[in-house]
Amino acid sequence: MAYETIIVEIEDYVAVVRLNRPDALNALNAKLLGELADALGTLDANDKVRCIVLTGSEKAFAAGADIKEMSEKSFVEMYMQDFFTPETEALLRVRKPVVAAVAGYALGGGCELAMMCDFIICAENAKFGQPEINLGVVAGIGGTQRLTRFVGKSKAMDMHLTGRFMDAAEAERSGLVSRVVPLKDLMKETMAAARKIAEKSQIAVMVVKESVNRSYETTLREGILFERRVFHSLFATEDQKEGMAAFMEKRTAQFRDK
Ligand code: CO8
(Lines give C-alpha, C1' and ligand atoms only; values in the text may rest on other atoms or scores of the structure.)
Protein backbone atom coordinates (compact mmCIF):
# COMPACT_ATOMS: atom_id res chain seq x y z
CA MET A 1 0.00 0.00 0.00
CA ALA A 2 1.61 3.27 -1.11
CA TYR A 3 0.57 6.33 0.86
CA GLU A 4 2.19 9.73 1.27
CA THR A 5 1.34 10.59 4.87
CA ILE A 6 1.18 7.21 6.56
CA ILE A 7 3.32 4.07 6.49
CA VAL A 8 1.65 0.67 6.66
CA GLU A 9 3.47 -2.56 7.47
CA ILE A 10 2.08 -6.03 8.18
CA GLU A 11 4.00 -8.63 10.13
CA ASP A 12 2.77 -11.74 11.96
CA TYR A 13 -0.89 -10.81 11.53
CA VAL A 14 -0.37 -7.36 13.07
CA ALA A 15 -0.59 -4.23 10.92
CA VAL A 16 1.27 -1.14 12.05
CA VAL A 17 -0.03 2.16 10.70
CA ARG A 18 2.41 4.99 11.35
CA LEU A 19 1.34 8.61 10.94
CA ASN A 20 4.12 10.22 8.95
CA ARG A 21 4.11 14.00 8.59
CA PRO A 22 7.26 14.69 10.61
CA ASP A 23 7.51 18.35 9.57
CA ALA A 24 4.08 19.08 11.04
CA LEU A 25 4.26 16.80 14.11
CA ASN A 26 1.78 14.50 12.31
CA ALA A 27 -0.92 17.18 12.20
CA LEU A 28 -4.07 15.65 10.74
CA ASN A 29 -4.86 17.13 7.35
CA ALA A 30 -7.40 15.97 4.77
CA LYS A 31 -4.81 13.89 2.92
CA LEU A 32 -3.66 12.06 6.04
CA LEU A 33 -7.16 11.37 7.31
CA GLY A 34 -8.27 10.18 3.87
CA GLU A 35 -5.30 7.82 3.63
CA LEU A 36 -5.85 6.61 7.18
CA ALA A 37 -9.51 5.86 6.49
CA ASP A 38 -8.58 4.00 3.31
CA ALA A 39 -5.81 2.00 5.00
CA LEU A 40 -7.92 0.99 7.98
CA GLY A 41 -10.77 -0.17 5.76
CA THR A 42 -8.36 -2.21 3.65
CA LEU A 43 -6.64 -3.73 6.70
CA ASP A 44 -9.98 -4.59 8.27
CA ALA A 45 -10.83 -6.65 5.18
CA ASN A 46 -7.39 -8.32 4.99
CA ASP A 47 -7.27 -11.94 6.26
CA LYS A 48 -3.59 -11.52 7.09
CA VAL A 49 -4.42 -8.85 9.67
CA ARG A 50 -5.85 -9.72 13.09
CA CYS A 51 -4.92 -6.59 15.04
CA ILE A 52 -3.96 -3.03 14.04
CA VAL A 53 -1.53 -0.72 15.85
CA LEU A 54 -1.80 3.01 15.20
CA THR A 55 1.25 5.06 16.08
CA GLY A 56 3.20 8.21 15.26
CA SER A 57 6.78 9.29 15.90
CA GLU A 58 8.75 9.50 19.15
CA LYS A 59 8.00 13.24 19.27
CA ALA A 60 4.34 13.22 18.30
CA PHE A 61 1.47 10.81 17.89
CA ALA A 62 -0.35 13.78 16.33
CA ALA A 63 -0.34 17.45 17.36
CA GLY A 64 -3.97 17.92 16.33
CA ALA A 65 -5.87 18.89 13.23
CA ASP A 66 -3.75 20.81 10.74
CA ILE A 67 -4.24 24.41 11.86
CA LYS A 68 -2.65 25.80 8.70
CA GLU A 69 -5.09 23.86 6.51
CA MET A 70 -8.23 24.91 8.35
CA SER A 71 -7.44 28.43 9.57
CA GLU A 72 -9.10 30.25 6.65
CA LYS A 73 -12.13 28.00 6.26
CA SER A 74 -15.60 29.45 6.59
CA PHE A 75 -18.51 27.96 8.50
CA VAL A 76 -20.18 27.06 5.21
CA GLU A 77 -17.10 25.19 3.98
CA MET A 78 -16.72 23.31 7.27
CA TYR A 79 -20.40 22.43 7.34
CA MET A 80 -20.80 21.51 3.68
CA GLN A 81 -17.63 19.38 3.71
CA ASP A 82 -18.84 17.82 6.98
CA PHE A 83 -15.26 18.42 8.07
CA PHE A 84 -13.60 15.05 8.73
CA THR A 85 -16.80 13.21 9.68
CA PRO A 86 -16.59 10.53 6.94
CA GLU A 87 -12.89 9.89 7.62
CA THR A 88 -13.24 9.61 11.37
CA GLU A 89 -16.34 7.46 11.08
CA ALA A 90 -14.34 5.08 8.88
CA LEU A 91 -12.05 4.48 11.86
CA LEU A 92 -15.01 3.69 14.08
CA ARG A 93 -16.30 1.14 11.55
CA VAL A 94 -13.17 -1.02 11.90
CA ARG A 95 -14.21 -4.29 13.55
CA LYS A 96 -10.74 -5.60 14.33
CA PRO A 97 -8.99 -4.24 17.41
CA VAL A 98 -7.01 -1.02 16.98
CA VAL A 99 -4.39 -0.26 19.64
CA ALA A 100 -2.89 3.23 19.87
CA ALA A 101 0.83 3.44 20.69
CA VAL A 102 1.34 7.05 21.75
CA ALA A 103 4.66 8.82 22.24
CA GLY A 104 5.05 12.58 22.53
CA TYR A 105 2.19 14.90 21.74
CA ALA A 106 -1.37 13.65 21.36
CA LEU A 107 -3.19 16.96 21.19
CA GLY A 108 -6.58 18.09 19.94
CA GLY A 109 -7.58 15.81 17.07
CA GLY A 110 -4.53 13.66 17.94
CA CYS A 111 -5.87 12.98 21.43
CA GLU A 112 -9.30 12.37 19.94
CA LEU A 113 -7.85 9.95 17.39
CA ALA A 114 -6.07 8.01 20.15
CA MET A 115 -9.32 7.84 22.13
CA MET A 116 -11.12 6.40 19.08
CA CYS A 117 -8.77 3.42 19.21
CA ASP A 118 -9.71 0.47 21.44
CA PHE A 119 -7.06 1.17 24.03
CA ILE A 120 -3.99 3.33 24.43
CA ILE A 121 -0.49 2.29 25.46
CA CYS A 122 1.75 5.30 25.91
CA ALA A 123 5.39 6.14 26.41
CA GLU A 124 6.66 8.05 29.43
CA ASN A 125 7.07 11.18 27.28
CA ALA A 126 3.43 11.23 26.14
CA LYS A 127 1.47 14.45 26.54
CA PHE A 128 -2.28 14.49 26.03
CA GLY A 129 -4.32 17.63 25.65
CA GLN A 130 -7.34 19.33 24.15
CA PRO A 131 -5.88 22.80 23.57
CA GLU A 132 -8.46 23.90 20.99
CA ILE A 133 -9.66 26.55 23.44
CA ASN A 134 -6.38 28.42 22.76
CA LEU A 135 -7.39 28.67 19.10
CA GLY A 136 -10.88 29.94 19.85
CA VAL A 137 -12.54 26.63 19.00
CA VAL A 138 -13.42 23.34 20.71
CA ALA A 139 -12.72 19.67 20.04
CA GLY A 140 -14.46 18.46 16.89
CA ILE A 141 -14.19 14.69 16.65
CA GLY A 142 -15.47 13.55 20.00
CA GLY A 143 -13.04 15.07 22.51
CA THR A 144 -15.61 16.66 24.80
CA GLN A 145 -17.59 13.41 24.91
CA ARG A 146 -14.89 10.74 24.98
CA LEU A 147 -12.42 12.45 27.31
CA THR A 148 -15.25 12.97 29.79
CA ARG A 149 -16.09 9.27 29.68
CA PHE A 150 -12.42 8.33 30.09
CA VAL A 151 -11.35 10.67 32.90
CA GLY A 152 -14.59 12.08 34.35
CA LYS A 153 -16.14 15.53 34.21
CA SER A 154 -13.75 17.43 36.45
CA LYS A 155 -10.54 16.53 34.63
CA ALA A 156 -12.22 16.77 31.22
CA MET A 157 -13.47 20.29 31.99
CA ASP A 158 -10.02 21.23 33.32
CA MET A 159 -8.31 19.96 30.14
CA HIS A 160 -10.78 21.52 27.70
CA LEU A 161 -11.15 24.83 29.53
CA THR A 162 -7.51 25.52 30.42
CA GLY A 163 -5.95 23.70 27.45
CA ARG A 164 -3.32 22.20 29.77
CA PHE A 165 -1.52 18.98 28.89
CA MET A 166 -1.73 15.74 30.87
CA ASP A 167 1.47 13.73 31.26
CA ALA A 168 1.71 9.95 31.02
CA ALA A 169 1.51 9.31 34.77
CA GLU A 170 -1.66 11.39 35.11
CA ALA A 171 -3.12 9.77 31.99
CA GLU A 172 -2.63 6.32 33.49
CA ARG A 173 -3.92 7.40 36.90
CA SER A 174 -7.03 8.86 35.25
CA GLY A 175 -7.82 5.84 33.09
CA LEU A 176 -7.04 7.50 29.76
CA VAL A 177 -4.33 4.95 28.94
CA SER A 178 -4.04 1.30 29.85
CA ARG A 179 -0.26 1.24 30.39
CA VAL A 180 2.78 3.53 30.43
CA VAL A 181 6.09 2.12 29.24
CA PRO A 182 9.57 3.56 28.67
CA LEU A 183 9.81 5.25 25.27
CA LYS A 184 12.36 2.72 24.00
CA ASP A 185 9.93 -0.13 24.77
CA LEU A 186 6.76 1.42 23.34
CA MET A 187 6.61 -0.51 20.09
CA LYS A 188 7.96 -3.74 21.62
CA GLU A 189 5.28 -3.71 24.35
CA THR A 190 2.49 -2.66 22.00
CA MET A 191 3.44 -5.29 19.42
CA ALA A 192 3.53 -7.95 22.16
CA ALA A 193 0.00 -6.96 23.20
CA ALA A 194 -1.15 -6.92 19.56
CA ARG A 195 0.37 -10.36 18.88
CA LYS A 196 -1.33 -11.74 21.97
CA ILE A 197 -4.66 -10.44 20.64
CA ALA A 198 -3.87 -11.88 17.19
CA GLU A 199 -3.52 -15.37 18.72
CA LYS A 200 -7.07 -15.42 20.07
CA SER A 201 -10.22 -16.50 18.31
CA GLN A 202 -11.00 -13.58 16.06
CA ILE A 203 -14.71 -14.12 16.56
CA ALA A 204 -14.35 -13.69 20.33
CA VAL A 205 -12.03 -10.70 19.84
CA MET A 206 -14.53 -8.91 17.63
CA VAL A 207 -17.35 -9.72 20.03
CA VAL A 208 -15.34 -8.23 22.91
CA LYS A 209 -14.81 -5.03 20.94
CA GLU A 210 -18.47 -4.80 20.02
CA SER A 211 -19.62 -5.52 23.57
CA VAL A 212 -17.29 -3.09 25.36
CA ASN A 213 -18.17 -0.37 22.87
CA ARG A 214 -21.84 -1.07 23.55
CA SER A 215 -21.32 0.11 27.10
CA TYR A 216 -20.81 3.63 25.71
CA GLU A 217 -23.98 3.58 23.68
CA THR A 218 -26.63 2.01 25.86
CA THR A 219 -28.03 1.48 29.35
CA LEU A 220 -26.43 -1.02 31.77
CA ARG A 221 -29.40 -3.37 31.54
CA GLU A 222 -29.40 -3.38 27.71
CA GLY A 223 -25.62 -3.72 27.62
CA ILE A 224 -25.71 -6.74 29.91
CA LEU A 225 -28.49 -8.29 27.83
CA PHE A 226 -26.36 -7.76 24.69
CA GLU A 227 -23.37 -9.37 26.42
CA ARG A 228 -25.42 -12.39 27.56
CA ARG A 229 -26.76 -12.96 24.05
CA VAL A 230 -23.31 -12.82 22.43
CA PHE A 231 -21.90 -15.00 25.22
CA HIS A 232 -24.57 -17.61 24.50
CA SER A 233 -24.02 -17.33 20.76
CA LEU A 234 -20.29 -18.05 21.06
CA PHE A 235 -21.26 -21.59 22.07
CA ALA A 236 -22.18 -22.07 18.40
CA THR A 237 -18.51 -21.67 17.43
CA GLU A 238 -15.84 -24.34 17.01
CA ASP A 239 -13.42 -21.97 18.73
CA GLN A 240 -15.40 -22.22 21.98
CA LYS A 241 -15.21 -26.03 21.84
CA GLU A 242 -11.51 -25.88 21.02
CA GLY A 243 -10.72 -23.28 23.71
CA MET A 244 -12.43 -25.21 26.47
CA ALA A 245 -11.10 -28.62 25.29
CA ALA A 246 -7.57 -27.19 25.20
CA PHE A 247 -7.94 -25.96 28.77
CA MET A 248 -9.03 -29.39 29.98
CA GLU A 249 -6.31 -31.17 27.97
CA LYS A 250 -3.72 -28.71 29.31
CA ARG A 251 -2.56 -27.59 25.88
CA THR A 252 -2.58 -24.35 23.88
CA ALA A 253 -5.79 -23.75 21.94
CA GLN A 254 -5.58 -23.71 18.16
CA PHE A 255 -8.26 -21.26 17.12
CA ARG A 256 -9.52 -21.38 13.54
CA ASP A 257 -12.03 -18.52 13.57
CA LYS A 258 -14.89 -20.91 13.02
N1 CO8 B 1 -1.23 22.02 12.70
C2 CO8 B 1 -0.36 22.39 11.76
N3 CO8 B 1 0.99 22.44 11.99
C4 CO8 B 1 1.42 22.08 13.22
C5 CO8 B 1 0.55 21.66 14.23
C6 CO8 B 1 -0.86 21.64 13.94
N7 CO8 B 1 -1.77 21.23 14.82
N8 CO8 B 1 1.27 21.38 15.34
C9 CO8 B 1 2.55 21.60 15.01
N10 CO8 B 1 2.66 22.03 13.74
C11 CO8 B 1 3.87 22.38 13.01
C12 CO8 B 1 4.43 23.73 13.45
O13 CO8 B 1 3.73 24.78 12.79
C14 CO8 B 1 5.86 23.61 13.03
O15 CO8 B 1 5.97 23.81 11.64
P16 CO8 B 1 6.97 24.96 11.04
O17 CO8 B 1 8.33 24.50 11.46
O18 CO8 B 1 6.73 24.89 9.58
O19 CO8 B 1 6.58 26.23 11.70
C20 CO8 B 1 6.18 22.15 13.29
O21 CO8 B 1 4.91 21.47 13.33
C22 CO8 B 1 6.87 21.92 14.62
O23 CO8 B 1 6.08 22.51 15.62
P24 CO8 B 1 6.67 23.53 16.72
O25 CO8 B 1 7.82 24.28 16.17
O26 CO8 B 1 5.54 24.31 17.26
O27 CO8 B 1 7.20 22.47 17.79
P28 CO8 B 1 7.37 22.67 19.35
O29 CO8 B 1 8.12 21.47 19.84
O30 CO8 B 1 7.93 24.02 19.66
O31 CO8 B 1 5.86 22.67 19.96
C32 CO8 B 1 3.61 21.79 20.17
C33 CO8 B 1 5.11 21.50 19.88
C34 CO8 B 1 3.46 22.22 21.63
C35 CO8 B 1 2.84 20.52 19.91
C36 CO8 B 1 3.13 22.94 19.25
O37 CO8 B 1 3.49 22.62 17.90
C38 CO8 B 1 1.65 23.15 19.27
O39 CO8 B 1 1.14 23.76 20.20
N40 CO8 B 1 0.91 22.68 18.24
C41 CO8 B 1 -0.51 22.91 18.09
C42 CO8 B 1 -1.29 22.03 19.05
C43 CO8 B 1 -2.77 22.32 18.90
O44 CO8 B 1 -3.23 23.43 19.15
N45 CO8 B 1 -3.54 21.30 18.52
C46 CO8 B 1 -4.96 21.41 18.35
C47 CO8 B 1 -5.29 21.72 16.91
S48 CO8 B 1 -7.01 22.04 16.63
C49 CO8 B 1 -7.70 20.50 16.61
O50 CO8 B 1 -7.05 19.51 16.72
C51 CO8 B 1 -9.19 20.47 16.43
C52 CO8 B 1 -9.72 19.06 16.29
C53 CO8 B 1 -11.09 19.05 15.71
C54 CO8 B 1 -11.30 18.24 14.45
C55 CO8 B 1 -10.20 17.27 14.15
C56 CO8 B 1 -10.31 16.58 12.83
C57 CO8 B 1 -9.12 15.69 12.61
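The values are calculated or read from the model by the stated rules, or taken from the named source; none is laboratory data. This structure is a prediction, so every number in the text was calculated from the model and none was measured. With ideal geometry, Cβ positions are generated from the backbone for all residues, glycine too; neighbour counts draw on all protein chains shown. Heads up: the accessible areas ignore ligands, DNA and RNA and are worked out on the full protein's heavy atoms, side chains in. Shrake-Rupley method; radii C 1.70, N 1.55, O 1.52, S 1.80 Å.
Tell me, please, whether a residue that is among the charged types (D, E, K, R), touching a strand residue (DSSP E or B) at 6+ places or on another chain (Cβ under 7 Å) and assigned to a helix (DSSP H, G or I) can be found in region 187-195. The answer is yes; a qualifying residue exists. Looking at region 118-181, the strands (runs of 3 or more DSSP E) lying wholly inside it that each contain 2 or more residues that are within 15 Å of the ligand (Cβ to nearest atom) sit at 127-129, 165-167. Does Gly64 qualify as being more than 30 Å from Lys200 (Cβ to Cβ), surrounded by 22 or more Cβ atoms within 10 Å (Cβ to Cβ) and in the same structural domain as Val181 (by the TED database)? Considered against the rule, which asks whether it is more than 30 Å from Lys200 (Cβ to Cβ), surrounded by 22 or more Cβ atoms within 10 Å (Cβ to Cβ) and in the same structural domain as Val181 (by the TED database), Gly64 comes out as yes.
Check whether at least one residue in region 87-101 is under 15 Å from the mean Cα position of the chain (by Cα), buried (at least 18 other Cβ atoms within 10 Å of the Cβ) and near the ligand (Cβ under 8 Å from one of its atoms), and report yes or no. So far as region 87-101 goes, yes, one or more of its residues are under 15 Å from the mean Cα position of the chain (by Cα), buried (at least 18 other Cβ atoms within 10 Å of the Cβ) and near the ligand (Cβ under 8 Å from one of its atoms). The residues of region 112-139 that are within 23 Å of Cys51 (Cα to Cα) and without any contact (Cβ under 8 Å) to a residue 40 or more places away in the chain, listed by number, are Glu112, Met116. Tally up the residues in region 44-81 that are among the acidic types (Asp, Glu) and either closer than 19 Å to Ile133 by Cβ or within 11 Å of the ligand (Cβ to nearest atom) (or both), please. Qualifying residue count for the region: 2. Set side by side, the residues Glu11, Glu4, Glu35, Glu58 differ, and just one is open to solvent by 70 Å² or more (accessible area, probe 1.4 Å), closer than 18 Å to Ala100 by Cα and in contact (Cβ under 8 Å) with a residue 24 or more places away in the chain, which is Glu58. Of Met191, Met157, all but one fail to be open to solvent by 50 Å² or more (accessible area, probe 1.4 Å) and aliphatic (A, V, I, L, M); the exception is Met157.
Is it the case that some residue within region 38-50 is open to solvent by 50 Å² or more (accessible area, probe 1.4 Å) and aliphatic (A, V, I, L, M)?
From region 38-50, those open to solvent by 50 Å² or more (accessible area, probe 1.4 Å) are 38, 42, 45, 47-48; that's our starting set.
With the extra rule that they be aliphatic (A, V, I, L, M), the set shrinks to 45.
Checked against the condition, which is being open to solvent by 50 Å² or more (accessible area, probe 1.4 Å) and aliphatic (A, V, I, L, M), region 38-50 yields at least one hit.
The residues listed here are Cys111, Cys117; of these, the one that is within 18 Å of Leu135 (Cα to Cα) and within 12 Å of the chain's Cα centre (by Cα) is Cys111. Could you tell me whether Arg179 is in contact with a strand residue (DSSP E or B) (Cβ under 9 Å, 6 or more places away or on another chain), under 22 Å from Asn46 (Cα atoms) and among the basic types (Lys, Arg)? No, not satisfied.
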